[in-house]
Amino acid sequence: MNEINQFMDFLDAAPSSFHAAHAVADRLLASGFQKQVEDQPWDASPGGHVIVRDGAVLAWFVPDDAGPHSGFRIIGSHTDSPGFSLKPQPDSTQHGWQQLGVEIYGGPIIPSWFDRELTLAGQVIFSDGSERLLNTGPILRIPHLAIHLDSSKEFSVDKQQHLHPVMGLADATTDAVSAQAQQVGIASIIAGQLGVAESDIASWSLITAPAQPASLFGVNADLLASSRMDNLSSVFASMVALERAVASGDLSSDIAVLAAFDHEEVGSASTTGAQGPILAETLERTATALGADRESYLQMLRRSSCVSADAAHSIHPNYAEKHDPHNPPIIGGGPVTKINSKQRYASNARTIAMWENACRAAMVPIQNYVSKNSVPCGSTIGPATATALGIDTVDVGVPMLSMHSAREMIGVHDQLWLSQALESYLIN
């Protein structure tokens, strides 16, 4: 259970994509990986290497015998999760309350975010170009309207008006203009927490996250509840798999790669997203540093494969009609292979067989997910990676309920099995 305790600590320490990326890098650096500076000559010497670009982290391990004859074994995931991002000029005072303006990020299950204490977390940029990570702790809450005041008894929100988190009480004894002037704005709070002058802050990229820590529950304590497990469940499992594969000494001449992208929840189209150049640049620069020319690099890609690891939908006992009756993955049944003929997932017959072989070698149970024909299907970083690089890819993940809720749930055994299967993929 030590791995699960570590996973829960990781969840609590990663309230934003920036925190998640740095947490992965810090752990790998502590285990002997070396930091690669992107605007410096590329290091492809044997051993582990890691880069952090804002909310994305890439790590790779170069075996002693790696060269242009090698391929890449890639585990892709994403560090971001749905929430509410802080607007540039967020402070407002209304009816005796201090509030903040936020913008919806991704597709959160909005009702689940009400009546929870929220932290603001992410990246703060200073006027000198330096940056720091911030986690304010629980300073916000989006309060529900009491049922007595809502005759409709149905949940409905105006996304501009009703999602304003409250931050504190304003001075109700003064007029609105004077009250606003007397309030401590969020920039001042950020500056105070970071120990800088408010004038030093140039900009920020901050998002809400529930302040409640991850916890086990259920009659057998075999269920885990937390925010952001879509997709930190995969980020953590891929990190553990890479660590164990390296420690085992069983890696082949292929280069093992961890690629945890940002911005998957909003389409992956960014410098740190799966549609951006960060993975392709890392692979090509590594290949070139190993002596590959363009032709040799393209040959290396053809020898490569990718496991796109992202959370999967478990069958919901109260909404079973939303699932295909013959492909109903369930929490506790093992990692899920995600399949879609419209290519919303990148799995194909070849990569499914590859993944199932890795699972069998690790003695990990296998499940499939195919969406019901009448229910829309989501997507992952898998198709973006497969399209950009032409690398055979399979989409997998732990089964989950309440995906995109402020409080998601998975099974403990599924999380452990995922890291074991990913380790098997890297070494078999």
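Name the single residue that is surrounded by the most Cβ atoms within 10 Å (Cβ to Cβ) among those in the stretch 41-69 being among the aliphatic types (A, V, I, L, M) and in a strand (DSSP E or B). Checked the stretch 41-69; the qualifying residue surrounded by the most Cβ atoms within 10 Å (Cβ to Cβ) is 57.
The residues in the stretch 398-411 that are touching a strand residue (DSSP E or B) at 6+ places or on another chain (Cβ under 9 Å), open to solvent by 10 Å² or more (accessible area, probe 1.4 Å) and assigned to a loop (DSSP other than H, G, I, E, B) can be counted, and the count is 3.
Scanning the stretch 1-18 for residues that are of a type outside the set (A, V, I, L, M, F, W, C) and in contact with a strand residue (DSSP E or B) (Cβ under 6 Å, 6 or more places away or on another chain), which turns out farthest from residue 105 (Cα to Cα)?
Looking only at the stretch 1-18, we keep the residues that are of a type outside the set (A, V, I, L, M, F, W, C), and these are 2-3, 5-6, 9, 12, 15-17.
Cutting the leftovers down to in contact with a strand residue (DSSP E or B) (Cβ under 6 Å, 6 or more places away or on another chain) gives us 15-16.
On the way: 15: 14, 16: 12 Å.
The residue in question is 15.
For residue 377, the criteria (1) open to solvent by less than 20 Å² (accessible area, probe 1.4 Å); (2) touching a Phe, Trp or Tyr at 6+ places or on another chain (Cβ under 9 Å) hold in every case but one, which is (1). Of all residues in the stretch 253-268, those satisfying the criterion of being open to solvent by 20 Å² or more (accessible area, probe 1.4 Å), within 13 Å of residue 379 (Cβ to Cβ) and in contact (Cβ under 8 Å) with a residue 60 or more places away in the chain are 264, 265, 266.
For the stretch 70-97, give me each residue that is part of a loop (DSSP other than H, G, I, E, B) and either closer than 21 Å to residue 23 by Cβ or in contact with a Cys (Cβ under 7 Å, 6 or more places away or on another chain) (or both). Across the stretch 70-97, the qualifying residues are 79, 80, 81, 82.
Against the conditions (1) part of a helix (DSSP H, G or I); (2) under 29 Å from residue 319 (Cα atoms); (3) not hydroxyl-bearing (Ser, Thr, Tyr), residue 365 satisfies every one except (1). Counting the residues of the stretch 189-224 that are closer than 30 Å to residue 422 by Cβ and surrounded by fewer than 20 Cβ atoms within 10 Å (Cβ to Cβ) gives 12.
Can you say whether residue 316 is at pLDDT below 95 and under 18 Å from residue 398 (Cα atoms), as far as the supplied structure shows? No. Per the listing 414, 395, the residue uniquely acidic (Asp, Glu), at pLDDT 90 or above and in a helix (DSSP H, G or I) is 414.
The values are calculated or read from the model by the stated rules, or taken from the named source; none is laboratory data. The structure presented is a predicted model; accordingly, all values stated were derived computationally and were not measured. Note: ideal-geometry Cβ built from the backbone for every residue, glycine included; neighbour counts use all protein chains shown. Calculation scope for accessible area: heavy atoms of the full protein, side chains included, ligands and nucleic acids excluded. Shrake-Rupley method; radii C 1.70, N 1.55, O 1.52, S 1.80 Å.
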